[in-house]
Amino acid sequence: MGKAMPDFRLDSLEHDRFYLNQHKGNGVVLVFWATWCRACKTQMVELSSFTRLPDWHSVYTAAICTDPENLGEVKNIASQLNLPYPVLLDY
């Protein structure tokens, strides 16, 4: 609490790179999920509704998949949920 989060880098499904340090001083919301977690999918859909709020445009939002070895399933879930934010892969 009260300390800066250590920097990290992750790749997205779209082959973009996310660097936490590029968002220093701005809001960042990260949701962690796994392909087998039903509650996580519900949470990602709920978070999607927040990203549509007018003031949310300044907050970087992403979902970090903790089991990206199932890449086909990760892509399928992201497509089914029609997420308005990127899916990052925690290799």
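The values are calculated or read from the model by the stated rules, or taken from the named source; none is laboratory data. Just so we're clear, the structure is a prediction, and the values are computed from it rather than from any experiment. We place every Cβ from the backbone using ideal geometry, glycine too, and count neighbours over all the protein chains shown. Each accessible area value is taken on the protein alone, full model and side chains, heavy atoms only, with ligands, DNA and RNA left out. Shrake-Rupley method; radii C 1.70, N 1.55, O 1.52, S 1.80 Å.
On the given criteria, is Thr51 in contact with a strand residue (DSSP E or B) (Cβ under 8 Å, 6 or more places away or on another chain), β-branched (Val, Ile, Thr), modelled with pLDDT under 90 and open to solvent by less than 50 Å² (accessible area, probe 1.4 Å)? For Thr51, the condition - in contact with a strand residue (DSSP E or B) (Cβ under 8 Å, 6 or more places away or on another chain), β-branched (Val, Ile, Thr), modelled with pLDDT under 90 and open to solvent by less than 50 Å² (accessible area, probe 1.4 Å) - is met. Considering the range 1-48, and only residues there that are out of contact with any Phe, Trp or Tyr (no Cβ under 8 Å at 6 or more places or on another chain), of a type in the set (S, T, N, Q) and open to solvent by 30 Å² or more (accessible area, probe 1.4 Å), the residue that is nearest to Glu69 (Cα to Cα) turns out to be Thr42. Would you check which residues across the range 1-52 are over 18 Å from Pro84 (Cα atoms), of a type in the set (Lys, Arg) and part of a loop (DSSP other than H, G, I, E, B) and list them? Correct list: Lys3, Lys24.
Conditions tested, residue by residue: (1) touching a strand residue (DSSP E or B) at 6+ places or on another chain (Cβ under 8 Å); (2) at pLDDT below 95.
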{"position": "Asn21", "(1), (2)": "no, yes"}
{"position": "Val28", "(1), (2)": "yes, yes"}
{"position": "Glu46", "(1), (2)": "no, yes"}
{"position": "Leu89", "(1), (2)": "yes, no"}
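Which residue pairs have Cβ atoms under 8 Å apart, sit 6 or more places apart or on different chains, and have a first residue in the range 64-89 that is closer than 13 Å to Trp36 by Cβ and among the hydrophobic types (A, V, I, L, M, F, W, C) and a second that is buried (at least 19 other Cβ atoms within 10 Å of the Cβ) and at pLDDT below 95? Within 8 Å, the pairs are Val74/Pro68.
Restricting attention to the range 61-82, and to residues there that are of a type in the set (Ser, Thr, Tyr) and not in a helix (DSSP H, G or I), which single residue is nearest to Leu47 (Cα to Cα)? Before the answer, list the steps.
Of all residues in the range 61-82, those of a type in the set (Ser, Thr, Tyr) come to 61, 66, 79.
Subsequent filtering for residues that are not in a helix (DSSP H, G or I) retains 61, 66.
Working: Thr61: 9, Thr66: 18 Å.
Restricting to residues being of a type in the set (Ser, Thr, Tyr) and not in a helix (DSSP H, G or I), the top hit is Thr61.
Being of a type in the set (S, T, N, Q) and more than 26 Å from Ala4 (Cβ to Cβ) is the filter here, so list the residues in the range 25-80 that pass it.
Within the range 25-80, the subset of a type in the set (S, T, N, Q) is 26, 35, 42-43, 48-49, 51, 58, 61, 66, 70, 76, 79-80.
Across the range 25-80, the qualifying residues are Thr35, Thr42, Ser48, Ser49, Asn70, Asn76, Ser79, Gln80.
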